[in-house]
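What follows is a short report on a single structure.
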Amino acid sequence: MITPEDTLTHAVRDAVLTVIRSPHNSAPPDAAEEIATQVLAELRRQPVMRDAVARLDHAGNARPWYQSRVTLGALVALIGGIYSLGLDIADGTPPSVDSLSSQLTAILGAAAVLTGGGRTKRRP
């Protein structure tokens, strides 16, 4: 599988080769690899470039939300926690501390997964 970083590497190497082969350039042709390596090293140090590569990598995951096991699992936990809390409240007695804590943990954990999934930044 070709990653966005592989694509960037090939693009930089091809661009350097094109510039070096230009008749207006005096760099020796055997310097192309060294120049490309230096350019790529500098690009990898730039936070903007790391973020762009991470975004491109994430953009490759184009499946719909309902095919995501993480999203479906979070929805099941959210529905189960709300249902359990609703049953405890509906019987007229306040829920016990341990019951309430497990219900709130499921609800808050699922909410965190559902709201945080779109803002996640993977580090290369």
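Quick rundown of the values:
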quantity: Residue check for Gly117: surrounded by 12 or more Cβ atoms within 10 Å (Cβ to Cβ), at pLDDT 85 or above and not hydrophobic (A, V, I, L, M, F, W, C); calculated: no
quantity: From the options Ala36, Ala112, residue that is aliphatic (A, V, I, L, M), modelled with pLDDT under 85 and assigned to a helix (DSSP H, G or I); calculated: Ala36
quantity: Scan of the stretch 1-32 for residues that are in contact with a Leu (Cβ under 9 Å, 6 or more places away or on another chain) and more than 21 Å from Asp51 (Cα to Cα), ordered by number; calculated: Pro29, Ala32
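The values are calculated or read from the model by the stated rules, or taken from the named source; none is laboratory data. Every value quoted in this text rests on a predicted model; they were computed, and no experiment measured them. Heads up, the Cβs are rebuilt from the backbone with ideal geometry, glycines too, and the neighbour counts pull from every protein chain shown.
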